[in-house]
Amino acid sequence: MVELKNPLYNTAAPSTQSIHADAHLRVTSDVAVPISVSTTFDYDKTDVKGCNYGPDQRYVYARESQPVQAKVEATLSTLTEGYAVIYGSGLSAAFAVLIEHKPKKIAIGECYFGVKEVLKQYQRLVPGVQVVGTECSFDGMDLVWLESP
């Protein structure tokens with residue numbers, strides 16, 4: 001997750017923030033982060049202890065982090081005045097929502113079949129989770145999962 005360090009956070013208009021919100025991450029003279037098609041990056045194994053952010057960012061593997069992902073997270077974090085995390089797939093994002101919020105009572109309707117499989121995995125990890133359809137009253141629900149086609 002990219003930290004909010006950009007001074008534009010409180011002063012610039014959203015249009016300016018969306019372009020320059022990652023200025024504190026910039027390590028080249030490029031105005032925009034170059035699109036990287038690399039999946040792995042050179043690094044010294046003795047020097048890398050985990051993900052870090054900012055000018056000393058060391059990218060190791062694209063599914064973990066890469067320059068464009070860092071830009072998107074910094075921009076969304078600035079625009080939403082919070083923290084943003086992006087994922088490489090919708091299913092990993094769906095699982096992250098469940099793990100972060102730990103719902104015990106979930107209403108879910110028609111959705112992508114993979115989401116229902118992720119929900120089954122969650123139920124195996126967290127016993128006692130109740131899953132109901134969206135035709136119920138939403139009173140007492142911890143999570144209501146709605147998707148549009």
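Here, each number is a calculation from the coordinates, and none is a lab measurement. Keep in mind the model is a prediction, meaning the values are calculated, not measured. Note: ideal-geometry Cβ built from the backbone for every residue, glycine included; neighbour counts use all protein chains shown.
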- Query: Quick one: if you stick a label point 7 Å off each Cα along the C-beta vector at V144 and E117, how many nm between them?
  - Reply: 2.9
- Two-site FRET efficiency, V68 against E100, from Cβ-Cβ distance with R₀ of 25 Å, rounded to 0.05: 0.60
